[in-house]
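Comments concern the structure below.
The values are calculated or read from the model by the stated rules, or taken from the named source; none is laboratory data. Because the structure is predicted, anything quoted here is derived from the model rather than measured. Glycine gets a Cβ as well: all are built from the backbone with ideal geometry, and neighbour counts include every protein chain shown.
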């Protein structure tokens, strides 16, 4: 049956509880939480579309923050749980976008069946899909080189988090975060444009 | 990674890059040449990075939204807009789509609003997804529409409209509910245990309403039970509900194919097995809901788990094994930390204490693997929570030794258990027996036979008391009455309460019927109420429950508690209809009894319709000479009279009387009753002679059958007195009335309503026939006092007596001061 009309985000597994268990090192909870967030953010993206008129672009930052407000019981968590959540949600956001780019690209090549109305999609989106896939490869390379820089990209670029938030999550100063972001972005560009 | 000309060490590159960043661009070259030790590849790489700082800012931006806006737009549309999806601005019927609220396996839910502005509120509009519009799902959708249309309850989301979209897919428009799932609401509002229970009771009430309409929800879970900000509860999604009793022409979706529509975490074991779904299925889901509300955990899984381990239909054996034994709620609290308890305004220890005992038992009963072992209805679960909150003993009892011994006794001494209606030999027997399991097992085979025998004994005893022929003298009545009183006392004592529910309720029903047979309706009511409560909570077979309820309904109707009787009859009839092979004749009689009650509630047209339906039903199953026709004709007479159709009423009563009088052993109590009613019709027809004759015969017959002081006798005497008054036979009328007052007062005391009636009649006699208001006043005053105490100030009889009193007093005043 169709889900609850007004709050289609499922109440289970309880995000708050998973979050706290994940912080305490429960690996199962961590995996569960990540998978959970992936689905929730997808749902949320669709809901935002319902509120926005077509043509408005998805704001991942608002999405991630809204997800936190809606999925986590604020009275039950500590500040570091929030950081943990935002980091995980940023990562989920990354894969939602990249997975979509991949699926889109495959559909264009006549590969898999993707529930997308192609006549509605813009040519720009097709190009961007290729760009996003290239960016993801670059990010993977960056992570291999320096995980810390990779994380900043996830938090900043995909999660849309502020420098202050990233500073708290990573335990570094705001100037360091700004500088890391500048460096990371340069590296990404470099990886993406390097010949061969 | 070792440095080489073609592959410079990225760490070294990054380090130089980092340091160069602090410098103005014109110093980069000299810095790098010094720091990189002349390695050109390193220098080139760092320089490329330094240039990339600005290039990357322009190319990538600050976020993926800037970088790939069109792709993200495509992403959201890709998720939200498969073919056939409606977008804001689209029209569906008279509704305009505002956006999308969510989607499920077979449909999309949109936010919508009336396009013409006639209705300001936002609604939820459900449409079957393109591609999902198979016959099966279309049927289900139409079906949901029918179910919702029939369910009107403040706690159930209302159906507002429905129809088909332009491309032919059906849609439903449902009240939009803005609320939080009940578990989240309770936590966020930090409700204590009592408040959670009170909230949950409202869910039970809504589910019970659906059950009374023969609808099972089948998918109760927190996301379907929302609480609005004002605290009101709303149940959503009767989507996979299934009517318990399909209409004859019904094409309800089959339950088998719907198995996959359920939510495994909240599904009852019988749903997972694909067994038939009943109201007990919802009771199970309610149990899970309550368990989560109280403990914050799922009964079959107290630790949080990942999505992957959600049980599936036909899950492995281990999964089923887990389900069989839910953790006791009070024990489930242990892994839950302090915050969980704090959300319930208590500590983990406090919560454990609070759950131990009653709530443990209530939940384990609701969550029993076997549907038969669960509460039979949401109302029964609700009742036990009410009892718990009111600190009354709950009915979900543990199977203590005492309880099991009681059960054994029931099997062996059922005759005695019924005899307990008289002497309660059973309790004198003691319940300290200890029996081995094997022995209990061996006895089981005998049980069925003995139970049947017991029923026979019960019937006999009840008939014994109801048979007017055995109540000839006051002495006998007293003996029977005192036996009953003793039986009732034992039933309310600790001993009686310790009996197993089956024996206790059977005895109570027998007692209630016997009291009624003796005319002590007031005493039969609490006894029958208790029997009904036990059977409701005990999960007794629906027929046993219906039987007790029918006895109670009769008593309530007799005590003129018509609204209560109406509710009871509705439920009894529903229970009978739920049976696969209902006893049509019995059902017909129930319909007419219900009809009579409805007439007294002021709906004579419904009465006639019900009675005629009963006659039609009866005609299909009973022969012409079936004596039960007499009862039906009597009821039909009553129904016609209510509609003012006096000739038809007369004919019906005469046919009833004819049938009864033909019987070799006529039922004189019922003949008297029909004669009495016929007399009333004659009076209304202005055939006063015939009326007087009918009343007189009825009064004589009832007096000899039931005794002159029986309420059913005095009613007839009252009518006779009125006819006597009418034709001026004052002396005889007064004698009848005074005799009535004496007889009734002697038996029932001064406060009985029949005494009041006699006083009214006497007052009327003095005031209207004799023109003696002084003599009338004390009678009216007495009547008013009795009615006020017995029936309440707003009862019609009380009002009428007070009116007569005022009139008589006014005449006295006028006579004194003309």
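The lone criterion from (1) crowded, with 18+ Cβ neighbours inside 10 Å; (2) under 19 Å from residue B:378 (Cβ atoms) left unmet by residue B:154 is number (1). Filter region B:367-383 for residues that are farther than 15 Å from residue B:270 by Cβ and assigned to a helix (DSSP H, G or I) and give the result. Selection gives B:378, B:379, B:380, B:381, B:382, B:383. If the condition is being over 27 Å from residue B:522 (Cα atoms) and in contact (Cβ under 8 Å) with a residue 12 or more places away in the chain, then region B:779-807 contributes B:804, B:805, B:807. Listed by position, the helices (runs of 4 or more DSSP H) enclosed by region A:136-193 that each have at least 2 residues that are more than 11 Å from chain B (Cβ to nearest Cβ), modelled with pLDDT of 90 or more and over 25 Å from residue B:12 (Cβ atoms) are A:163-170.
Within region B:198-209, identify whether any single residue is outside any loop (DSSP other than H, G, I, E, B) and modelled with pLDDT under 85, and answer yes or no. Yes, the conditions are met somewhere in region B:198-209. If we keep just the residues of region A:77-104 that are over 19 Å from residue A:34 (Cα atoms) and at the interface with chain B (Cβ under 10 Å from one of its Cβ atoms), which is modelled with the highest pLDDT? By that ranking, first place goes to A:101. Listed by position, the helices (runs of 4 or more DSSP H) contained in region B:56-166 that have at least 2 residues being more than 9 Å from chain A (Cβ to nearest Cβ), at positive phi and at pLDDT 75 or above form an empty set. Taken together, the criteria exclude residue B:227 from residues that are in contact with a helix residue (DSSP H, G or I) (Cβ under 7 Å, 6 or more places away or on another chain), away from every other protein chain (no Cβ under 14 Å) and modelled with pLDDT of 80 or more. Per the listing B:616, B:600, B:635, B:605, the residue uniquely more than 23 Å from the chain's Cα centre (by Cα) and free of Cβ contacts under 8 Å to residues at least 12 places away in the same chain is B:616.
Applying the criterion of being crowded, with 20+ Cβ neighbours inside 10 Å and within 9 Å of chain A (Cβ to nearest Cβ) to the residues of region B:17-49, the residue that is nearest to residue A:60 (Cα to Cα) is B:49.
Between residues in region B:344-361 that are without any contact (Cβ under 8 Å) to a residue 12 or more places away in the chain and residues that are part of a helix (DSSP H, G or I), which pairs lie under 6 Å by C-beta distance while being six or more apart or on different chains? So the pair list comes out as B:347/B:341. Screening the candidates B:536, B:560, B:556 for the property of being surrounded by fewer than 20 Cβ atoms within 10 Å (Cβ to Cβ) and either in contact with a helix residue (DSSP H, G or I) (Cβ under 8 Å, 6 or more places away or on another chain) or touching a residue at least 60 places away in the same chain (Cβ under 8 Å) (or both) yields one hit, B:560. Of note, residue B:746 does not satisfy the criterion of being within 24 Å of residue B:807 (Cβ to Cβ) and either surrounded by fewer than 22 Cβ atoms within 10 Å (Cβ to Cβ) or in contact (Cβ under 8 Å) with a residue 40 or more places away in the chain (or both).
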